[in-house]
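Note sheet for the following structure.
The values are calculated or read from the model by the stated rules, or taken from the named source; none is laboratory data. Predicted model only: the values in this text are computed from it and were never measured. Glycine also receives a Cβ, built like all others from the backbone with ideal geometry; neighbour counts cover every protein chain displayed.
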Amino acid sequence: MRQNKFESYDDYVDAQRVTTCRKMQRAYKRCFAVDSVVDNIVEYHCDVADKPVYGLCHGVRYGEELDKFEKKFGGGVWIGTEIVSELCDDVRIFNYDFSWVKDGWIGNFDLIYSNSFDHARYPRKVAKAWISCLSPSGRLYVEWSPWHNKLGGRSAKADCFAASADEYMKIFQKAGVVEHRLEFKLKNYSKYTFVIRRG
Ligand SMILES: C[S@@+](CC[C@H](N)C(=O)[O-])C[C@H]1O[C@@H](n2cnc3c(N)ncnc32)[C@H](O)[C@@H]1O
């Protein structure tokens with residue numbers, strides 16, 4: 001596992017803001033949470049648990065994944081965290097660092113999803129924080145692709161943590177129970193969604 005170091009918390013937040021705003025200036029609005037991955041999560045979740053009532057997505061930028069989950073599950077209350085304040089409405093997308101656990105979130109979410117774990121400054125702490133917010137039958141879904149194993153350089157420090165799929169597995173095995181690893185085979189590589197529940 002390789003990590004970028006930040007001089008301070010402000011330095012970390014600035015790095016996130018710079019990268020996210022640069023993507024927005026380029027009108028780069030594509031949501032990384034693609035439909036095929038969301039579909040597989042929905043299918044898996046319906047097999048192992050009830051339809052989620054409360055869903056939380058971490059590091060959501062425009063929050064498109066919230067719409068996708070709501071639509072595909074046919075309802076539920078879906079909220080997201082986002083560190084760049086300009087993107088937040090504090091109704092659905094909260095200007096909140098996903099490493100913090102908000103009062104009232106512990107044990108409350110039936111489904112938590114993120115494709116932004118590589119933006120965690122302290123991955124092990126974040127893994128524990130996310131799992132602590134799961135309801136007793138809740139599941140956490142964390143995406144990994146080969147890009148999550150690339151450390152951002154000076155101009156892209158926001159991708160501050162790089163790890164292999166095996167390293168993701170170890171982090172989440174220590175923090176909770178890794179129930180499954182969904183595989184998505186693409187033309188030249190595979191990506192995975194780790195399914196985690198409370199220990
Ligand atoms: C790779 S983008 C993914 C955006 C979105 N999930 C998607 O699929 O398009 C990562 C997002 O996480 C946000 N982010 C980074 N660190 C964060 C943190 N500690 N807490 C909350 N959001 C964070 C970034 O600002 C950015 O919008």
* Has segment 181-193 got at least one residue that is free of Cβ contacts under 8 Å to residues at least 60 places away in the same chain, of a type in the set (A, V, I, L, M, F, W, C), under 28 Å from residue 18 (Cβ atoms) and outside any helix (DSSP H, G or I)? -> no
* To do: Please specify each residue of segment 179-195 satisfying the condition of being of a type in the set (A, V, I, L, M, F, W, C) and more than 12 Å from residue 44 (Cα to Cα).
  => 184, 186
* To do: With respect to residue 43, determine if the residue is touching a Gly at 6+ places or on another chain (Cβ under 7 Å) and either in a helix (DSSP H, G or I) or within 12 Å of the ligand (Cβ to nearest atom) (or both).
  => no
* **Which listed residue, of 18, 13, is surrounded by 14 or more Cβ atoms within 10 Å (Cβ to Cβ), over 18 Å from the mean Cα position of the chain (by Cα), farther than 19 Å from residue 71 by Cα and in contact (Cβ under 8 Å) with a residue 60 or more places away in the chain** => 18
* Do any residues in segment 133-153 that are closer than 22 Å to residue 40 by Cα and of a type in the set (Phe, Trp, Tyr) have Cβ atoms under 6 Å from those of residues that are at pLDDT 95 or above and outside any strand (DSSP E or B), where the two are at least six apart or on different chains, and which pairs are they? -> 141/41; 144/165; 144/168
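Residue-by-condition table, conditions (1) more than 16 Å from the ligand (Cβ to nearest atom); (2) touching a Ser or Thr at 6+ places or on another chain (Cβ under 9 Å):
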| position | (1), (2) |
| --- | --- |
| 132 | no, no |
| 140 | no, yes |
| 145 | no, yes |
| 152 | no, yes |
| 162 | no, no |
| 167 | yes, no |
| 180 | yes, yes |
* Under the condition of being under 13 Å from residue 111 (Cα atoms) and assigned to a loop (DSSP other than H, G, I, E, B), which residue from segment 49-74 is nearest to the ligand (Cβ to nearest atom)? -> 52
